[in-house]
Amino acid sequence: MPHRQTILVFDTGLGGLTVLREIVRTRPDAHYVYVADDAFFPYGHRSEEQVIARAVPLVGELIAAHAPDLVVIACNTASTLVLSHLRAEYRVPFVGTVPAIKPACASSRSRRVSVLGTKGTVKREYTQALIRDFAQGCQVTLVGSADLASLAEAALNGGDVGDHEIAAEIAPCFVEDAGGNPVRTDTVVLACTHYPLLMDRLVQLAPWPVDWIDPAPAIARRVADLLGPRSGDANLAGAEMIFTSGRRHTLAETLVPFFGGRVPA
Ligand code: DGL
């Protein structure tokens, strides 16, 4: 019997589902444990010390409980801070989610790129270093959103989220240089895994069309490379969903597509 691989996907809430969805496509045979640290959501409002003190031991407990073959930190706010700590503490391989500044700057034609993330992510030294190393001459605008992750959670939970609320959060991404020949932002990095949950509305509410860069497919390819070939029958693979608050998920139908058609236990 081949060993069934377990992949643990960690986020602060439901945003990591946008990463999970892509990983399940490339590895439908794996067993998935999705963990939402909703008891401490949103990480974007916490200090760096608080995030490290919360996430590092919690991920350690999850590794001890579920013995995953690989852990995906499907959260930019955590990855840009705790990945190095996690790799130093635990032996399991980690894949993080960090702002896709390099590919965005490589593909921007107007050389104007915005990075939309939580207030925590845009402040990180990790993010500043990505800009220093990979901006490739582009003008990069950092936009720290206070509420977009919470709005995405609310929308997925069936709440009524107004267009004006989303439009106000994304507006600073759209930069236009004054002058006779205006140059404007053509690429926006989605540097929070919650934001692709609102993809249709982001496209609809954008003042002009831009390329929205979602790193989830690249993360899924990295996971597949690290884990190697498929190791079991996708029809027999299962999935679990855990909230650190202890609540049970009540979203079965909405969640099924993210888990590749499975109903998570
Ligand atoms: N999903 C998280 C991220 O990618 C952010 C949400 C939060 O602030 O907790 O950054």
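Within region 53-75, residues that are within 27 Å of Pro196 (Cα to Cα) reach partners that are among the charged types (D, E, K, R) with beta carbons closer than 6 Å, at six or more positions or on different chains, in the pairs Ala74/Asp11; Cys75/Asp11.
Within region 87-109, the presence of a residue that is free of Cβ contacts under 8 Å to residues at least 24 places away in the same chain, touching a helix residue (DSSP H, G or I) at 6+ places or on another chain (Cβ under 9 Å) and more than 23 Å from Asp11 (Cβ to Cβ) is excluded.
Evaluate region 193-203: report whether one residue or more is in contact (Cβ under 8 Å) with a residue 12 or more places away in the chain and surrounded by fewer than 17 Cβ atoms within 10 Å (Cβ to Cβ). Walk me through it before giving the result.
Filtering region 193-203 down to residues in contact (Cβ under 8 Å) with a residue 12 or more places away in the chain leaves 193-199, 201-202.
In the following step, the residues that additionally are surrounded by fewer than 17 Cβ atoms within 10 Å (Cβ to Cβ) were identified as 199.
Taking every residue of region 193-203 in turn, at least one turns out to be in contact (Cβ under 8 Å) with a residue 12 or more places away in the chain and surrounded by fewer than 17 Cβ atoms within 10 Å (Cβ to Cβ).
Go through region 178-227 and count every residue that is among the hydrophobic types (A, V, I, L, M, F, W, C), over 27 Å from Val95 (Cα atoms) and part of a helix (DSSP H, G or I).
First pass over region 178-227, keeping only residues among the hydrophobic types (A, V, I, L, M, F, W, C): 178, 183, 188-192, 197-199, 202-203, 205-206, 208, 210, 212-213, 216, 218-220, 223-224, 226-227.
With over 27 Å from Val95 (Cα atoms) added as a condition, the list becomes 178, 183, 203, 205-206, 208, 210.
Keeping just the survivors that are part of a helix (DSSP H, G or I) gives 203, 205.
Selection size over region 178-227: 2.
Residues that are among the charged types (D, E, K, R) and touching a helix residue (DSSP H, G or I) at 6+ places or on another chain (Cβ under 9 Å) within region 231-262 comprise Glu240, Arg247, Arg262, listed in sequence order. Among residues of region 1-27 being away from the ligand (no atom under 13 Å from the Cβ) and in a helix (DSSP H, G or I), the one that is surrounded by the fewest Cβ atoms within 10 Å (Cβ to Cβ) is Arg25. Among the criteria (1) aliphatic (A, V, I, L, M); (2) out of contact with any helix residue (DSSP H, G or I) (no Cβ under 6 Å at 6 or more places or on another chain); (3) at pLDDT 95 or above, the one Ala265 does not fulfil is (3).
Please indicate, with yes or no, whether at least one residue in region 245-257 is closer than 23 Å to Gly144 by Cα, touching a residue at least 60 places away in the same chain (Cβ under 8 Å) and of a type outside the set (Ser, Thr, Tyr). No - not one qualifying residue is present in region 245-257.
Would you pick out the residues in region 28-52 that are away from the ligand (no atom under 15 Å from the Cβ) and surrounded by fewer than 24 Cβ atoms within 10 Å (Cβ to Cβ)? Selection gives Pro28, Asp29, His31, Val33, Glu49.
A quick yes/no check of all residues on (1) among the hydroxyl-bearing types (Ser, Thr, Tyr); (2) surrounded by fewer than 20 Cβ atoms within 10 Å (Cβ to Cβ); (3) assigned to a strand (DSSP E or B); (4) modelled with pLDDT under 95:
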{"site": "Ala167", "(1), (2), (3), (4)": "no, yes, no, no"}
{"site": "Pro229", "(1), (2), (3), (4)": "no, yes, no, yes"}
{"site": "Gly232", "(1), (2), (3), (4)": "no, yes, no, yes"}
{"site": "Ser245", "(1), (2), (3), (4)": "yes, yes, no, no"}
{"site": "Thr254", "(1), (2), (3), (4)": "yes, yes, no, yes"}
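So, Glu22, is that one at pLDDT 95 or above and in contact with a Pro (Cβ under 9 Å, 6 or more places away or on another chain) or not?
On the way: at pLDDT 95 or above: yes; in contact with a Pro (Cβ under 9 Å, 6 or more places away or on another chain): yes.
Yes.
Within region 61-84, if we keep just the residues that are exposed (fewer than 14 other Cβ atoms within 10 Å of the Cβ) and under 20 Å from Phe40 (Cα atoms), the residue that is farthest from the ligand (Cβ to nearest atom) turns out to be Ala65.
Looking across region 100-139 at every residue that is β-branched (Val, Ile, Thr) and assigned to a helix (DSSP H, G or I), the one that is surrounded by the fewest Cβ atoms within 10 Å (Cβ to Cβ) is identified as Ile131.
The values are calculated or read from the model by the stated rules, or taken from the named source; none is laboratory data. Keep in mind that what you see is a predicted model, and the values were worked out from it rather than measured. In this analysis, Cβ positions are derived from the backbone assuming ideal geometry, glycine residues included, and neighbour counts consider all displayed protein chains.
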